[in-house]
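Down below is the structure, laid out as structure tokens.
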Amino acid sequence: MVFAEYGEKFRRLREQKGLSLSFFEKLGINKTNLSRFERGKTMMSFERIDMMLQEMNVSLAEYELVLNNFVLDFQEEFLDEIEKANFEFDEEKLHALYHEARDSGYILLALAAKSNIEKLKKFEVDYVLQYLKKVKAHGYFDIFLAFCVLNSLSTTEILDLMNNFEQKSRNYYGLPKYRRKILQVAYRGVYILISKGEQEKAANLMQTIDSKRIISTDLYTSVLRRLSIGLFDYFFVSQTSGLAELDTALGVFSYLDRTNLAHYYRKRCEEIGVIFP
């Protein structure tokens, strides 16, 4: 089965630690169910796998390396390069990544890079949306792809994507790496709706994010939340209170010597009409 390797590699880690199947019963994980997982008979939720990994002092990243035979996944490494170039406003790098992926036949990766340079054409948007619609449960690549293409979508497409996105990503809320990217997608959706003047829709999306209880203690996504609140206040409530919220949020990045992030989000705010004193 397609998930057999997950269990096999988990078993290898467990045995290397000298742990029995019953070791995880204190987490509420029955040894019979764990045995079935390790033999590829069934799949466990990623949240439960992460719980067991933590109990063994094994990071999710280490588990992923074991799954990939200690080689970083090409797609994930490529996506990290896209994100880095985007934060640095390095269009030359984004163009190079786009051409590299396109020429190598990785169309979705190419479109992920291109969407950070310019809006995608309708047939390109349709291609991405059809792909995401077919996926039954979003993996990291799918979540990142959704994050990239939001800028090219209409309001209706954004709302449809966000609705399906929430349903297909909920199994990953318990994993920090995935939760951060999920929240990046959600707050980018809020940003775009605000930029379109969609006050009610932006407010509803912000309320949905909070109601799902996926707000994390992660500093980066906490700042994204405050930026969203600041933008909403600036355009729909009070420019004065909105500016104060935005300055505070951006100040956190600057205080922590993440000036690249402060510059990136300040510029994004300015692009949709925020005037800083």
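The values are calculated or read from the model by the stated rules, or taken from the named source; none is laboratory data. Since this is a predicted model, take the numbers as computed values, not measurements. Because the Cβ atoms are built from the backbone with ideal geometry, glycine has one as well, and the counts that use them run over all protein chains shown. Protein only, heavy atoms only, side chains kept; ligands, DNA and RNA dropped before computing areas. Shrake-Rupley method; radii C 1.70, N 1.55, O 1.52, S 1.80 Å.
Here is how the numbers come out for the structure above:
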| quantity | calculated |
| --- | --- |
| Residue-by-residue Karplus 3J(HN,Hα) for segment 131-142, coefficients 6.51, -1.76, 1.60, Hz, glycine and proline x | 5, 5, 5, 6, 5, 7, 9, 5, x, 4, 4, 5 |
| Candidates Leu21, Leu183, Leu150, ranked by Gaussian network fluctuation over the chain, Cα under 10 Å, top entry | Leu21 |
| 5 angstrom amide H check on Thr42, placed H, neighbours 5+ away | Phe37 |
| Only Lys, Arg (+1) and Asp, Glu (-1) charged, at Cβ; segment 33-182 dipole about Cα centre in debye | 820 debye |
| Rounded, prolate or oblate (a/c below 1.5 giving rounded, otherwise prolate when a/b exceeds b/c) for segment 61-148 by Cα gyration tensor | oblate |
| Solvent accessible area, Å² - Asp103, 1.4 Å probe, full protein context | 110 Å² |
| Among (1) 20.5, 63; (2) 21.2, 68; (3) 19.3, 58, the entry derived from the coordinates for Rg and Dmax of the Cα atoms in Å | (1) |
| Nitroxide proxy distance, nm - points 7 Å out along Cα→Cβ at Arg170 and Lys122 | 3.4 nm |
| Total charge dipole magnitude, segment 118-207, about the Cα centre, Cβ charges on Lys, Arg, Asp, Glu only, Debye to nearest 20 | 340 debye |
| For the chain, accessible area per residue (1.4 Å probe, heavy atoms of protein chains only), Å² | 52 Å² |
| Whole-Hz ³J(HN,Hα) from phi, Karplus 6.51 cos²θ - 1.76 cosθ + 1.60, for segment 92-104, glycine and proline x | 4, 5, 5, 4, 4, 5, 4, 5, 4, 5, 4, 5, 8 |
| Gain upon complete extension [Lys93, Leu60; 0.36 nm per residue less C-alpha separation] | 9.0 nm |
| Lys/Arg +1, Asp/Glu -1 at C-beta; the chain dipole; positive extreme among Val58, Phe253, Gln184 | Val58 |
| Phi to ³J(HN,Hα) by Karplus 6.51 cos²θ - 1.76 cosθ + 1.60 over segment 42-59, Hz, x for Gly, Pro | 8, 10, 9, 5, 5, 5, 6, 4, 5, 4, 5, 4, 4, 5, 8, 6, 10, 6 |
| Relative contact order, percent, the chain [alpha-carbon distance under 8 Å, six or more residues apart] | 12 percent |
